[in-house]
1. Could you work out how much longer the chain between residue B:627 and residue B:14 gets when fully extended? Use 0.36 nm per residue separation minus the Cα distance between them, nm to one decimal.
2. For a quick protection proxy, order the peptides B:101-110, B:383-392 by their average other-Cβ count within 10 Å, most packed first.
3. Which value in nm describes the separation of the simple spin-label points at residue B:198 and residue B:873, placed 7 Å from the Cα toward the beta carbon?
4. What does the structure give for A:73-81 when I average, per residue, the other chain Cβ atoms found within 10 Å of the residue Cβ?
5. From largest to smallest, what semi-axes in whole angstrom does the range B:135-318 give when each is the square root of 5 times an eigenvalue of its alpha carbon gyration tensor?
6. Ranked highest first by the average count of other Cβ atoms within 10 Å around their residues, in what order do A:18-24, B:535-541, B:438-444 fall?
7. How do the peptides B:514-527, B:775-788 rank, highest first, by the average count of neighbouring beta carbon atoms within 10 Å per residue?
8. At R0 = 22 Å, how high is the FRET efficiency between residue B:866 and residue B:94 if r is their beta carbon distance? Nearest 0.05 is fine.
């Protein structure tokens, strides 16, 4: 079995996919398949990117001006669309990450020691 | 929302497809790298990704406005569905178009009269100065009042006086003399109204004081039409009443006053005057930040000041001054009639809505299977309602678009039938233009009607019993109890609304007939009236005016066919002057004078020309001139009111005691009593009038009179006086040394103008009532025909079981008439309440007039019976065999 994700592989929380995509692209331009793989690998396969949501999200982010895109050739020598973070996107990532930390901190406080 | 997402959808979708393809390829590569076979790699990649089409659809939807697309789809479907039943669509659109058309026309008049602001800059600050009395407030001012108001600089920015109507001036010189509308104004008039000066300037304060010289300002129209837009007109002189006037300025085209003016001349008031005669209007512009109540508070103080300055008699106790918004004042008494008309056309619209809803209900019943099929395929109830609403909105908006055109044509037609001086609509309704208000109104009622008549059938149709509807093999087995009931309710509503409309129309028709049958008290047949403006220096004294009257009368009488000639300074039924008087030797009690009455100055033959009967004493004679003792004739109403017991012919009266130097004169002997005339219009009781000979007026009074009113000539002839127009104007021109004649009207025309408003109201309400009747008749016919058709089977069974044709017919008639009678009863109830709003338009008939309240229901029931008759007969012709075989 190639798919060795744990059975409780989480679905990505609503609204956090955008942030994860932006964070992934900080490392440099990437195409959709790489982005999905990077998210899953970085999260140690705890998160599963639903492919059907990935592309709508990428298009939405591009329309908002947070990403730019251009066609290129991939490491496998295949045609692929590469996405790159714009400066607007960087700002949004910082804001989203801040929001996220505040929220997890708040949730941690509420859950108390049981969270430890 | 980001607009970028909506553009270039097809290309982006293509790109997405390629992107997905690329993704799958990379996934395949990854799988193959893990050592899987090519087939398995492809399968797993596809499984992992899921449905690519769904993803693309998701992005596509995200790039679209779903409701717009749904709307577009529903709209195309609605158009297709309507095109399949062109008859229905045409009838429905026409019904709506007519109803919306009448609404648009009445609203556009309302808009121009009530809603549009005055055309002057910052119109909210413009107020009219009013006199307050215990009886109410009335406009008009004299010089002392104007002077005092002018000094209230703490509340007013500008105060200006202008003529009520103006006497008309004559432009002489050039090829043909012309009577023009000249308005006297005070210097601040143009600044106050913000009139645009396109050449020269307006009057200076010096020019607007006594001996300020002859100066005039021209209107754009006169400058253009008479002087060919001559650029050098300013600084040149024109001849007015034989005098040279210096043109100092020209006002731009946009400046339109309520009394249209051709040119303006300064009043040149002597502000030291104690002349108490009211002969002009005063308006003011409030200072910024000053409100009407603040101005009124200040004016209360100034009323006390006025009494201190001019004596207690100058302003009766309880009287004072106030301001009222100029717009309010120019609307006058048009508010109620317009709201009544709007209400009436609203009824017409509701009736039309009920009819169209009825048609839609029938249509929905026939389409039951269609809806059931759609519901079975998964359409939600909301979607079916939306679909039906879009159909009805398509109908109502198309109807509205046609209605807008009809309404605009309608307004021109309405105004063609002389509505009788509606204020603020401009020359022939030119002020009524297509503006955003009207467009919004028409759009608004179109949407509203679409929703009203669409929602009822839509809701009832969207409640299908799937199994039943789909299993039925035809549409003939009934339309369901619910929609049948709904249609009956709609028909009853139509009947009720129609009853109210027709009762209202009936009341107005009776009013008009009553007005027509009032004897005005004077002859109208073959009597012509003509206005002659006796302005200018020649007519500042009584002698020359009397001379023109004597000469003119002689020359007119010399024309073959002319029977009698009279002259007066008032035109009966078109308003006149009033004045206070004292009876010599009679104690006055608390009042400063005996009373007030209409005050006419006439030639000796006024009464004989108009055939006003002399009841007692003698009439005026040619000899009653300035050298003879003063005489006065009173009418019966005056004798009745002020001499309830005594004999007026034994008394002398003083006219205008304390009313200023223009009216200072000695007592006059009452020499005769004449019959009453309905000078205030046929709907008013005759009021007291006193008459004095024109030749006996004090000089100053003649001078004042020449400024504010023309002389009216009355000619009674053997033949139609209109055939004598040419010799009559020639005779008067010769007698007056070239004065032109204007406003030639037979007394019948004068009278027609007087009842024009009532005639207009009656015509409109009759048209609305007839439209309502027609629609209600169609409505009940439709409902009964449809129910017969739906019940063919039932009727067939009844017949097969032995029912007689007459039984069936009577049953149908009974059912139809029950609907009618319930509707009529509701309508009578509504009319009991609503006709009170008509009370002020009625004359000689009460709002609860039994004739209207009995005749209307009978008429309506008769029409309903006629409409039901043919469906009822059809019921008797049902062939039991055919009816049963249909199943």
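1. Values: separation 613, 0.36 × 613 = 220.68 nm, distance 10.94 nm.
Full extension of this stretch gives 209.7 nm more.
2. On the way: B:101-110: 25.1, B:383-392: 21.5.
Averaged packing, sorted descending, gives the order B:101-110, B:383-392.
3. For residue B:198 paired with residue B:873, the spin-label model returns 6.8 nm.
4. Working: counts 0, 4, 2, 7, 1, 7, 5, 7, 6.
Mean inter-chain Cβ contacts per residue within 10 Å come to 4.
5. On the way: eigenvalues 218, 63, 38 Å².
Equivalent ellipsoid of the range B:135-318: 33, 18, 14 Å, largest first.
6. Values: A:18-24: 20.7, B:535-541: 18.3, B:438-444: 16.4.
Those peptides, ordered most packed to least, come out A:18-24, B:535-541, B:438-444.
7. Working: B:514-527: 16.9, B:775-788: 22.9.
Per-residue Cβ counts within 10 Å, averaged per peptide and sorted highest first, yield B:775-788, B:514-527.
8. Working: r = 22 Å, r/R0 = 1.01.
FRET efficiency, residue B:866 to residue B:94: 0.50.
The numbers here are math on the coordinates, done by the rules we state, and not lab data. These numbers were taken from a predicted model, which means no experiment stands behind them. All Cβ positions, glycine included, derive from the backbone under ideal geometry; neighbour counts span all protein chains shown.
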